[in-house]
Amino acid sequence: MKTVTIDQRQLPALGIGTWEMGDDPADFDAEIAAIRAGLDAGLKVIDTAEMYGSGRSESLIGQAIQPYKRSDLYLISKVLPENASAKLMPASLKASLQRLQTDYLDLYLYHWRGSIPLAETVATLQDLKKQGYIRAWGVSNFDIDDMQELWQLPEGQNVAANEDLYNLETRGIEYSLLPWQRQHHLPLIAYSPLGRGPKMGSTMMQNPAVLEVAQKHQASAYQILLAWVTQQQDVLAIPKSSSADHLLANLKSLQIELTPSDLEKLERAYPKPDHKEPLAIY
């Protein structure tokens, strides 16, 4: 199984994304079953945020993880920019922990930059770590200039990961950000590794190159797209999977090894950038 190391913890390179999960009570049972199916199959990482459904995603996860040993899990949540101050962040984190029914987070991310000084946010994250409420902290939706600014702060180099949009058709971070992160040994958490689907303009699922590679490996287009992301160095993919069947199908992507020929075909279909692009955000 492909793995990624975050804060000295070796993890499967595939996690469980939960954006838009927990919003409809009619889907609760299926969504809880999906999360548990992934955990039962060996996944460990569950990614959420206080923003997701105004806490409903965290509450759903809190119910889903009750049968499991806490130390076997790796829980990630995120603080909103308006709550990322010394005054508000502790209460925001406490509310997330209560919804998740746990007393600590493995990784707490600053969801995206806002008006609060970055130095204040980092100092508060460090304090929460020292108090034991979080094991590590990171950032999300940070570009190369944001990371360079963070790196210059007194405690900025304690950042454990950056979570950004990344998939085969959205490769802008490969120009400067991803090389910088690799140079500084900072893992990437890739959200929306399957894009946002055909209704949102994604072409990957029907692309001839993707389908050709999928046929060769007797896999689905989804599995090939996830295999491409997780085969990148130090990248953890967190696709959303609201059904057990879909989640277990995603898991099979960790067993697929794309060959140089496969990668070349996919590269021709979706070339990496040759110039700096604005950071893509959903």
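Just so you know, all these numbers are worked out from the coordinates, no wet-lab data involved. Computed from a predicted model, the values in this text were never measured in an experiment. Counting neighbours? That spans all protein chains shown, and the Cβs are built from the backbone with ideal geometry, glycine included.
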(request) Would you please state which residues of region 91-124 a label at L80 would reach in this model, taking the label point 7 Å out along Cα→Cβ and a backbone N cut-off of under 16 Å? (result) 91-97, 99, 109-116
(message) Using the Karplus curve 6.51 cos²θ - 1.76 cosθ + 1.60 with θ = phi - 60°, what ³J(HN,Hα) values do you get for each residue of region 12-17, in whole Hz, with x for Gly and Pro?
(response) x, 6, 10, x, 10, x
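Jot down the per residue volume, in cubic angstrom and as a whole number, of the convex hull over the alpha-carbon atoms of region 99-251. The partial results should precede the final answer.
Numbers: hull volume 22.0 nm³, N = 153.
That works out to 144 Å³ per residue.
How much length would be gained if the chain were fully extended between L88 and Q206, taking 0.36 nm per residue of separation minus their Cα-Cα distance, in nm to one decimal?
Working: separation 118, 0.36 × 118 = 42.48 nm, distance 4.52 nm.
Length difference between fully extended and current span is 38.0 nm.
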(request) Please work out, to two decimal places, the log10 of the ratio I(q)/I(0) at q = 0.12, 0.26 Å⁻¹ from a Debye calculation in which every Cα of region 102-180 carries one identical scatterer. (result) -0.36, -1.28
(message) What does the extension gain come out to for A41 and Q152, with contour length at 0.36 nm per residue minus their alpha carbon separation?
(response) 35.9 nm
(message) Treating only the Cβ of Lys, Arg, Asp and Glu as charged (+1, +1, -1, -1), what charge dipole size does the chain show about its Cα centre? Round to the nearest 20 debye.
(response) 400
(request) Work out the charge dipole of the chain with +1 on the Cβ of Lys and Arg and -1 on the Cβ of Asp and Glu about the Cα centre, then indicate which of L43, Q232, G15 is farthest towards its positive end. (result) L43
(request) Mind checking which aspartates and glutamates have their Cα closer than 15 Å to the Cα of K69? Skip sequence neighbours fewer than 8 apart in that chain. (result) D40, D103, D106
(request) Report, please, the projected area of region 1-98 averaged over directions, based on the convex hull of its C-alpha atoms, in nm². (result) 6.8
(message) Show me, for region 226-231, the HN-Hα J-couplings you get by feeding each phi into the Karplus relation (A = 6.51, B = -1.76, C = 1.60, θ = phi - 60°), rounded to Hz, glycine and proline as x.
(response) 5, 4, 4, 5, 6, 7
(message) So if the hydrodynamic radius of the chain is defined as the Kirkwood radius over C-alpha pairs, what does Stokes-Einstein give as its diffusion coefficient at 20 °C and 1.002 mPa s, in µm² per second?
(response) 112
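When the helices in the chain are scored as -39500 (n - 2.57) per DSSP H run of 4 or longer and the sum is shared across all residues, what 222 nm value do you end up with, to the nearest 500 deg cm²/dmol?
Working: 10 runs with 99 residues, N = 282.
Dividing the helical sum by the residues of the chain leaves -10500 deg cm²/dmol.
Plugging the Kirkwood radius over Cα pairs into Stokes-Einstein for region 1-47, at a temperature of 10 °C and a viscosity of 1.306 mPa s, what D comes out in µm²/s? List each step's numbers first, then the result.
Working: Rh = 11.7 Å.
Once the numbers are plugged in, D ends up at 135 µm²/s.
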(request) Output the Cα-based Rg and Dmax of region 190-257 in Å, rounding Rg to one decimal and Dmax to a whole number. (result) 11.4, 30
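By how many nm would the segment from S243 to A119 grow when fully extended, if each residue of separation counts as 0.36 nm and the alpha-carbon distance is taken off?
Working: separation 124, 0.36 × 124 = 44.64 nm, distance 4.02 nm.
Roughly 40.6 nm would be gained on extension.
List the trypsin sites (Lys or Arg not before Pro) in region 44-134 that DSSP assigns to loop (not H, G, I, E or B) and whose Cβ has at most 13 other Cβ atoms within 10 Å. Which are they? It would help to have the intermediate numbers written out before the result.
Numbers: sites: K44, R56, K69, R70, K78, K87, K94, R99, R113, K129, K130; in loops: K44, K69, K87, R113.
Counting only loop positions with at most 13 other Cβ atoms within 10 Å, the trypsin sites (Lys or Arg not before Pro) in region 44-134 are K69, K87.
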(request) Between the alpha-carbon centers of region 162-228 and region 248-280, tell me the distance in whole angstrom. (result) 5
(request) Return the long-range amide H neighbours of L109 (sequence gap of 5 or more, or a different chain), with a cut-off of under 5 Å between placed amide H atoms. (result) S77, K78, V79, G138
(request) Amide H neighbours of L236 under 5 Å, at least 5 residues apart or on other chains, H built in the peptide plane: list them. (result) L188, I189, A190
